[in-house]
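Undergrad: My questions all concern the structure below.
The values are calculated or read from the model by the stated rules, or taken from the named source; none is laboratory data. Since the structure is predicted, the reported quantities are computational estimates derived from the model, not experimental observations. Here Cβ is always computed from backbone atoms with ideal geometry, including for glycine, and neighbour counts include all displayed protein chains.
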């Protein structure tokens, strides 16, 4: 086992776990170089902006069809009023997602290590499937805020057997937009689900009536405010892995500093769970989920 009993107890208590020096600096640099190459090769013929403030509005087909593809998404503040980029393309991308781990050999190799496989096994994921991956840039001065959320809102399973892995590819500090978490907040229960709209399903009977043009909707079961007074900053060094419980409320603030905050995230589910078709992230039948 990678995790000892004290670490497992801390994860159960807090909903997160910080594992320093989980990945070498050289491995982090290799992943950064590959991501930067992907952005250089990216032809922005389709402009898709990632925003957590208006996610139902910005959930276009380019985003919704990215579950089995590699696609780039721009920062919300990357554009001038006339639609042109404020700075070069390389400094304007918010993230790359969502099947890097399956479609790119560098990310595939990085994501499918024995250490990661053993880690998720220690956390009770006995038949792991790699669900989604994201490379997050958190660009200098324009890196957007990610509002307080639970991963299970977007990647819901029945039963809830999933784990999020957030790896710092650079030092993450309060100044450049590190993660903040509500310690113990995973015991508050799931507050909402982000779902695809299927007009012919029981969605209308469930109490929400989305606009005719909507493709996604938040189904809210608890609209009480987050206890943000309990937020703690997770400032970590390059190579540190933060393990996130699917119900843990967490956020990251804007990056107004001159330093980027690159990170790589991977979500792993258990093969035994039901993965609903209403989840926003879906794959084609030609590209099923794979394990290690």
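Undergrad: Being touching a strand residue (DSSP E or B) at 6+ places or on another chain (Cβ under 8 Å) and in contact (Cβ under 8 Å) with a residue 40 or more places away in the chain is the filter here, so list the residues in segment 71-99 that pass it.
TA: Selection gives 75, 76, 78, 86, 92, 93, 94, 95, 96, 98, 99.
Undergrad: Let me ask you something else. So for segment 22-30 (the condition being out of contact with any strand residue (DSSP E or B) (no Cβ under 7 Å at 6 or more places or on another chain) and within 19 Å of residue 120 (Cβ to Cβ)), does at least one residue qualify?
TA: yes
Undergrad: With the requirement that a residue be surrounded by 15 or more Cβ atoms within 10 Å (Cβ to Cβ), in contact with a strand residue (DSSP E or B) (Cβ under 7 Å, 6 or more places away or on another chain) and not in a loop (DSSP other than H, G, I, E, B), what does segment 100-111 give you?
TA: The answer is 100, 101, 102, 107, 111.
Undergrad: Could we say that residue 286 is loosely packed, with under 15 Cβ neighbours inside 10 Å and touching a strand residue (DSSP E or B) at 6+ places or on another chain (Cβ under 6 Å) here?
TA: For residue 286, the condition - loosely packed, with under 15 Cβ neighbours inside 10 Å and touching a strand residue (DSSP E or B) at 6+ places or on another chain (Cβ under 6 Å) - is not met.
Undergrad: List the strands (runs of 3 or more DSSP E) inside segment 125-187, counting only whole elements, that have at least 1 residues being farther than 24 Å from residue 74 by Cα.
TA: Values: elements: 128-136, 146-149, 162-168, 179-182.
Output list reads 128-136, 162-168, 179-182.
Undergrad: Continuing with the same structure: Does residue 292 fit the bill of being at pLDDT below 95 and surrounded by 13 or more Cβ atoms within 10 Å (Cβ to Cβ)?
TA: Judged against the criteria, residue 292 is not a match.
Undergrad: What number of residues within segment 72-95 are buried (at least 17 other Cβ atoms within 10 Å of the Cβ) and in contact with a helix residue (DSSP H, G or I) (Cβ under 6 Å, 6 or more places away or on another chain)?
TA: Total satisfying the criteria: 1.
Undergrad: Next question, about the same structure. Scan segment 251-262 for residues that are surrounded by fewer than 24 Cβ atoms within 10 Å (Cβ to Cβ) and more than 21 Å from residue 229 (Cα to Cα) and jot them down.
TA: 256, 257, 258, 259, 260, 262
For every residue, the table says whether it meets (1) closer than 30 Å to residue 169 by Cβ; (2) touching a helix residue (DSSP H, G or I) at 6+ places or on another chain (Cβ under 8 Å); (3) surrounded by fewer than 13 Cβ atoms within 10 Å (Cβ to Cβ); (4) modelled with pLDDT under 95.
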| position | (1), (2), (3), (4) |
| --- | --- |
| 190 | yes, yes, no, no |
| 196 | no, yes, no, yes |
| 205 | no, no, yes, yes |
| 208 | no, no, no, yes |
| 211 | no, no, yes, yes |
| 231 | yes, no, no, no |
| 237 | yes, no, no, no |
| 242 | yes, no, no, no |
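Undergrad: Being surrounded by fewer than 21 Cβ atoms within 10 Å (Cβ to Cβ), touching a strand residue (DSSP E or B) at 6+ places or on another chain (Cβ under 8 Å) and part of a helix (DSSP H, G or I) is the filter here; which residues of segment 112-124 pass it?
TA: 117, 121
Undergrad: For residue 150, are the conditions met, namely being touching a helix residue (DSSP H, G or I) at 6+ places or on another chain (Cβ under 7 Å), surrounded by 23 or more Cβ atoms within 10 Å (Cβ to Cβ) and in contact (Cβ under 8 Å) with a residue 60 or more places away in the chain?
TA: So residue 150 fails the test.
Undergrad: Another question about this same structure. Test residue 163 against the criterion of being modelled with pLDDT of 95 or more and crowded, with 21+ Cβ neighbours inside 10 Å, and give yes or no.
TA: Yes.
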